[in-house]
Amino acid sequence: MDRSTPQPGQLLEIAIEVAREAAATAYRMRVEGVSVAATKSTATDVVTAADRAVERQIVDALRLRRPDDAVLGEEYGATERGTATPARVRWIVDPIDGTVNYLYGLAHCAVSIAAEVNGEVVAGVVRNIHTGEEWTATAGGGAWRDGRRLRGSTETDLGQTLVITGFGYDPARRAHQARVVTELIAHVRDIRRLGAAAVDLCLVAEGRADAFYEKGLADWDRAAGGLVATEAGLRIGGIDGQGPGPDMVIAAPPELFAPLHDRLAALDASGGP
């Protein structure tokens, strides 16, 4: 193994190769039929056998290529190996982002893999399991889909903004988030809830929607998609100067970020359960 500091492009090549193999497995398992294997935070927060099988495949593939790296996955958590490398590399994996969509055969779901070096995400890929759409980014290298560089939306008027959001699984949190949506929708063009944060962030990076916000995202939900959005020129942050995190992730063009942020802050979007 190369023990020099890995370049973002090198890590992205690995991530793309592994994500494509994983997406193919997930698609095959969906065609063959999947069922709920377990639940997590609530009865509606499901895990399929494919989630677990695909994450195992990804971890094994990453271990084969870079055996000393750490991995953080949604289903199996953190795995560590003794690292003697000068640059600490951690892979952040969501084997199936949008599991409920995947379970129901809806095409808005993806494999998401990001590479972090010394705590900074430097490479990421999000690959749609059904359509094969693939979004990639490297730190400082831009965001891309099918050879086209992504620039995000040019919208500057909050009232003309198409916003994507998502809901948690806890009923009390959902109720709070629904109240926020009820108040926000009068101040924007419209709101979409599509059910896969990594893909949502990529759609905003591509300008197929104007902005995104959600409370409750984990690292694996936003690592790769967040880099794609950042490299497309979007501003990403939380509420009241906080960075993006579990309390809130907002992604929007710089001109839209402040008005959307202020509206969400006034609605206490990061509050509640």
Quick test for you: out of 61, 26, pick the one residue that is at pLDDT 90 or above, aliphatic (A, V, I, L, M), open to solvent by less than 60 Å² (accessible area, probe 1.4 Å) and more than 20 Å from the chain's Cα centre (by Cα). 61
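This table checks each residue for (1) at pLDDT 95 or above; (2) in contact with a Leu (Cβ under 6 Å, 6 or more places away or on another chain); (3) assigned to a strand (DSSP E or B).
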residue: 15; (1), (2), (3): yes, no, no
residue: 37; (1), (2), (3): no, no, yes
residue: 44; (1), (2), (3): no, no, no
residue: 92; (1), (2), (3): yes, yes, yes
Could you check segment 135-156 and list, in sequence order, the residues that are of a type in the set (A, V, I, L, M, F, W, C) and outside any loop (DSSP other than H, G, I, E, B)? 135, 137, 143, 144
Of the residues in segment 140-161, those that are open to solvent by less than 80 Å² (accessible area, probe 1.4 Å) and over 14 Å from residue 255 (Cα atoms) come to 140, 141, 142, 143, 145, 147, 150
Qualifying residue in segment 181-201 (condition: on the phi > 0 side of the Ramachandran plot, touching a helix residue (DSSP H, G or I) at 6+ places or on another chain (Cβ under 8 Å) and of a type outside the set (Val, Ile, Thr)): yes
Does segment 97-128 hold any residues that are open to solvent by 10 Å² or more (accessible area, probe 1.4 Å) and part of a helix (DSSP H, G or I), and which are they? 99, 100, 101, 103, 104
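The values are calculated or read from the model by the stated rules, or taken from the named source; none is laboratory data. Nothing here was measured: the structure is a model prediction, and the numbers come from that model. We place every Cβ from the backbone using ideal geometry, glycine too, and count neighbours over all the protein chains shown. Ligands, DNA and RNA are excluded from the accessible area calculation, which covers all protein heavy atoms including side chains. Shrake-Rupley method; radii C 1.70, N 1.55, O 1.52, S 1.80 Å.
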